[in-house]
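Bear in mind these aren't lab numbers, they're just calculated from the coordinates by the rules spelled out. What you see is a predicted model; the values in this text were computed from it and never measured. Ideal geometry is used to build each Cβ from the backbone, glycine not excepted, and the neighbour counts take in all protein chains shown.
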Amino acid sequence: MKTAFALGCALSAALAFAQPAAAKTLRFSGYDWEVRNQGSSGPGPNIWDENNVWLDAQGRLHLKIAKRGSQWTAAELYLPQRLGFGRYQFKLIGRPDRFDPNVVLGLFNYPTPDVGPDGSNEIDIEFSRWGSPANPMGNYTVYPARPGPAPTSYTFDFALGGDYSTHRFDWSAAAVEYQSLHGFQDGDRYPIAHWRFNPVDAAQRVPQQPLPVHLNLWLFQGKPPADGKEVEVVIQEFKFVPAAAR
């Protein structure tokens, strides 16, 4: 399932960033997150602005793609703490099903250099059409634990019935299982999509070491939204449940 999506994933993998100096820290869902604030860099490239990440009075996390002067700017934050096997769940307020084709929302684990290079050890939930309205919006991807094998992905299209949705992946040494669901929930009702990746060579194809969590909202190839509109999403909650506690 790799066409334009594979290109998008490769660009996303080239991301991440070599641990930039964080301009600010936010306390969200019980964790201290560092906000990315640096000039033009990947993925995209994009211009990363700390002002595009904030908490509202209810403690909800806002991410925004904003036009500041003549420049379009993106948002990212990450969790320095490395979390291991378990369930990673994100409750989202917004309409990713209606994103402009150039918009990308990422909810994912990404390796630090000591774990592995770009193109390895990444577990992604991404919403983007990668620049083409013909591409499906939903993207699940697992990058291998060791460089060499290609990433494995599952794509899907969907239409939300409202502004609330829940997205998660369950990560173990043997598999990564993804779910997207309508509404806010900790259960399995009202499914949007489901995919279980459990290869026979899991030690090579499934990340095996604890990884930091990243959240970002950015522009594919750095191209402005085709409709010229700013984009904002809200993360109601991030929840991690260690495998041993489930």
In Å, what Kirkwood hydrodynamic radius results for the stretch 82-161 from the alpha-carbon pair distances?
13.9
List the lysines whose Cα lies under 17 Å from the Cα of residue 67, skipping any in the same chain that are fewer than 8 positions away.
223, 229
Placing unit charges on C-beta atoms (Lys and Arg positive, Asp and Glu negative, everything else neutral), compute the dipole magnitude of the stretch 59-118 about its Cα centre in debye, rounded to 20.
400
Where labels lie 7 Å past Cα in the beta-carbon direction, separation of residue 200 and residue 82 in nm:
3.1
Rg(Cα)/(2.2 N^0.38 Å) for the stretch 163-246, N = residue count
1.36
Beta carbons within 10 angstrom, averaged per residue: use that to sort the peptides 142-148, 234-240, highest first.
142-148, 234-240
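Using a cut-off of 13 Å between beta-carbons, work out the net charge of the residues near residue 104 (Lys and Arg +1, Asp and Glu -1, residue 104 not included). Don't jump to the answer; show the numbers that get you there.
Details: positive: 129, 223; negative: 76, 100, 124, 126.
With Lys, Arg at +1 and Asp, Glu at -1, the neighbours total -2.
Under unit Cβ charges (Lys, Arg +1; Asp, Glu -1), what dipole magnitude, rounded to 20 debye, does the chain have relative to its Cα centre?
It works out to roughly 80 debye.
Using only C-alpha positions, report the orientation-averaged shadow area of the convex hull of the chain, nm², one decimal. Before the final figure, lay out each step's value.
Working: hull surface 49.5 nm².
Mean orientational projected area (the chain, Cα hull): 12.4 nm².
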The chain, helix-only ellipticity at 222 nm - DSSP H runs n ≥ 4, -39,500 (n - 2.57), divided by all residues, nearest 500
-1500 deg cm²/dmol
Over the Cα atoms of the stretch 130-187 the radius of gyration and the largest Cα-Cα distance (Dmax), both in Å, equal 14.0, 41
Need one number: % antiparallel among DSSP beta bridges in the chain, to the nearest 5.
95
